[in-house]
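Report on one structure; see the data block that follows.
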Amino acid sequence: MPGLPFQNLSLGLSPESMAQWWEQFQFSVQNNGMAQMGMATDCAVVYQLTTAQLLGLQTTAVQLVAPPVITGLGNLIPPAGYLYYPTMMTGQYKFGGTAYTIGNADNAFQIEYTGKATSLLTMLATGLVNQGASTVATNDAIQTGPIIALTNCANLGLEVKLVGTTPALTLGNGSLYLNLVYNVIALF
């Protein structure tokens, strides 16, 4: 993007935004030699789910956050990996002219680790995407999350699925903007 100072032309990012992204993976070593686990709070991603993605979401998950990069970061003490911990999800439905038909009241948008089936956050589809107007819903992780083996969460991305009784969403159009807030935790 010519004309913008300090712009990375190959990535389209400023050094300031890249520095903020890398900071999520930093940790410090205390004077007593104990490593303090690094954590970045309130990382976020906004993803637009299209009509086609919504209609196929029960059988085809959509990745919202890619798995973390775990090599070549140049940290003083390299961690064993990273854990994404989702804390809040907001869904904003943009009505497209026809509300979605929902198979059952138990259909919900569920955040999971990529390729796993453990629910981390859920939001009911009923009342959100079956309306004749644009709507918004919010859900946060107020309670203690599930206890998960490291092999089922370390170094994995985050995806959204539609869970519940089949058939899930049918007919309808419009899009759903998911805003997912998450933390990044270094694992040792």
Response to the item:
Those residues of the stretch 24-62 which are at pLDDT 50 or above, surrounded by fewer than 12 Cβ atoms within 10 Å (Cβ to Cβ), more than 16 Å from the chain's Cα centre (by Cα) and not in a loop (DSSP other than H, G, I, E, B) amount to Ala52
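Given the condition under 30 Å from Ile70 (Cα atoms), part of a loop (DSSP other than H, G, I, E, B) and of a type in the set (Ser, Thr, Tyr), answer yes or no: does some residue in the stretch 146-160 qualify?
First, pick out the residues of the stretch 146-160 that are under 30 Å from Ile70 (Cα atoms): 146-160.
From what is left, the residues that are part of a loop (DSSP other than H, G, I, E, B) are 146-149, 153-157.
So of that shortlist, the ones also of a type in the set (Ser, Thr, Tyr) come out as none.
No, the stretch 146-160 has no match at all.
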Discussion item. Out of everything in the stretch 161-188 that is outside any strand (DSSP E or B) and either aliphatic (A, V, I, L, M) or free of Cβ contacts under 8 Å to residues at least 12 places away in the same chain (or both), what residue ends up being farthest from Pro86 (Cα to Cα)?
Written reply: Leu171
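Yes/no matrix, rows are residues, columns are (1) of a type in the set (A, V, I, L, M, F, W, C); (2) touching a strand residue (DSSP E or B) at 6+ places or on another chain (Cβ under 9 Å); (3) at pLDDT 95 or above:
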site: Leu64; (1), (2), (3): yes, yes, yes
site: Leu83; (1), (2), (3): yes, yes, no
site: Gln92; (1), (2), (3): no, yes, yes
site: Asn104; (1), (2), (3): no, no, no
site: Tyr113; (1), (2), (3): no, yes, yes
site: Ala117; (1), (2), (3): yes, yes, no
site: Gly127; (1), (2), (3): no, yes, no
site: Ile148; (1), (2), (3): yes, yes, no
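The values are calculated or read from the model by the stated rules, or taken from the named source; none is laboratory data. This one's a predicted model, so the numbers in the text were calculated from it and none came from an experiment. In this analysis, Cβ positions are derived from the backbone assuming ideal geometry, glycine residues included, and neighbour counts consider all displayed protein chains.
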